[in-house]
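Q: One structure, pasted below without further comment.
Laboratory data are not the source of any read-out in this text; all were calculated from the coordinates shown. These figures come from a predicted structure and were not determined experimentally. All Cβ positions, even for glycine, are placed from backbone atoms using ideal geometry, and neighbour counts span all protein chains on display.
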Amino acid sequence: KSLHRGSVGGAPLMLDLCNGNSVQARTVVVASGARYRRPNIDNLATFEGAGISYWASPVEARLCAGEEVVLVGGGNSAGQAVVFLAPKVKQLHLVIRGPGLEASMSRYLIDRIAALPNVELHTGTEVSALEGDRQSGLERVVLRDRASGAVRTYAVRHLFLFIGADPNAGWLTGQVKMDKGGFIITGDPNISGTDGQARPAAPLETDQPGVFAIGDVRAGSTKRVAAAVGEGAAVVAQIHAYLAAQAEGAHPPG
């Protein structure tokens, strides 16, 4: 699977598919999403959808209201989830592998978490085992101190994993500009148009004219369904502007 120009000078885009076929297009929208990272726990898949969540929406908040929960992650998305969930649960155990939150989380989130009386931070710790079964769901989470090897079991039915995501964009490596994590960069202030002239990209346009990226695969996007839906609506207007400008022989508005 790859993407390239159909001919010299920026003529139609060609999208080569996995089945060996090719599709010609005037514009392409990349919405291939991202894969949530999963810790190396033997029976993790058993509890996905039965106690394990990779996001914290109002639905999950209602399911675990008044209960004890475990949340793994030290980034800003994890911090935001802690601030959202803590007022709704009895106790929240925040688990990180490192020595503290300072290296990976914004100061304002650290301060807000420190002020939450029902949040306990477990540093240098990881989830080593999950107990329960698919029918009854998650029942216990085992935490292990990485330095001493000591373990402690918590009777919880909800485990939130916020340890990042990897973009489904490997097939575009070297074809569009990406950040160090492999997410597609859009809105470049200076790209080369199909006529060879420099211009600013549209907010959802990559450095390749007519190639757009939306949702989780896009660098800087909010990794939420609602945000991806909004970008899907916004990119339609940008595509129309791009095609209109191409028809008129002008630069599309950035």
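Q: Can you return the lysines within cross-link range of LYS180? Criterion is Cα-Cα under 24 Å, with same-chain partners fewer than 8 residues away left out.
A: LYS1, LYS223
Q: To continue, here is another question. With bins 10 Å wide starting at 0, give me the P(r) of the range 118-254 over every alpha carbon pair, in whole percents.
A: The calculated distribution, bin by bin, is 10, 28, 21, 16, 13, 9, 2.
Q: To continue, here is another question. List the aspartates and glutamates whose Cα sits under 13 Å from the Cα of LYS88, skipping any in the same chain fewer than 8 residues away.
A: Those aspartates and glutamates meeting the cut-off are GLU60, GLU67, GLU68.
Q: Please work out the Cα center distance from the range 122-137 to the range 30-77, rounded to the nearest Å.
A: 12 Å
Q: Using Cα positions and a limit of under 12 Å, work out the aspartates and glutamates in reach of LYS177, with same-chain residues fewer than 8 apart set aside.
A: Cross-link targets: ASP188, GLU205, ASP207.
Q: Per residue of the chain, what 222 nm ellipticity follows from adding -39500 (n - 2.57) for every DSSP H run with n ≥ 4, rounded to the nearest 500? Mind showing how you got there, number by number?
A: Working: 4 runs with 48 residues, N = 254.
Here the helix-only value at 222 nm equals -6000 deg cm²/dmol.
Q: Starting from a Cα-only point model with no solvent, please compute log10 I(q)/I(0) by Debye for the chain at q = 0.17 1/Å.
A: For the chain at q = 0.17 Å⁻¹, log10 I(q)/I(0) is -1.17.
Q: Can you tell me the relative contact order of the chain? Whole percent, Cα pairs under 8 Å, sequence separation 6 or more. Write out the running numbers ahead of the final one.
A: Working: 513 pairs, mean separation 48.3, N = 254.
Over the chain, the number comes to 19 percent.
Q: At 7 Å along Cα-to-Cβ for each site, give me the label-to-label distance between ASP133 and ALA147 in nm.
A: Each label point lies 7 Å from its Cα, and together they span 4.0 nm.
Q: Among GLY73, LEU63, ALA34, which residue has its Cα furthest toward the positive end of the charge dipole of the range 1-147, with +1 on Lys/Arg Cβ and -1 on Asp/Glu Cβ?
A: ALA34
Q: Now a separate question. When Lys and Arg each count +1 and Asp and Glu each count -1, what net charge do the other residues less than 11 Å away from CYS64, Cβ to Cβ, add up to?
A: +1
Q: Out of TYR108, VAL142, ALA86, whose Cα points farthest toward the positive end of the dipole of the range 38-156 (charges: +1 Lys, Arg; -1 Asp, Glu; placed on Cβ)?
A: It is TYR108.
Q: May I pose another question? Helix by helix, which DSSP H runs in the chain go 24 Å or more along their axis at the Cα atoms and have an average Kyte-Doolittle hydropathy of 0.5 or more? Write out the running numbers ahead of the final one.
A: Values: long enough: 225-248 (35 Å, 0.99).
Taking the DSSP H segments of the chain (at least 24 Å long, mean hydropathy at least 0.5), we get 225-248.
Q: Run the dipole for the chain about the Cα centre, Lys and Arg Cβ at +1, Asp and Glu Cβ at -1, nothing else charged, and hand back the magnitude in debye, nearest 20. Display every interim value, and only then the final one.
A: On the way: 24 positive and 23 negative charges, 35 e Å.
For the chain, the charge dipole is close to 160 debye.
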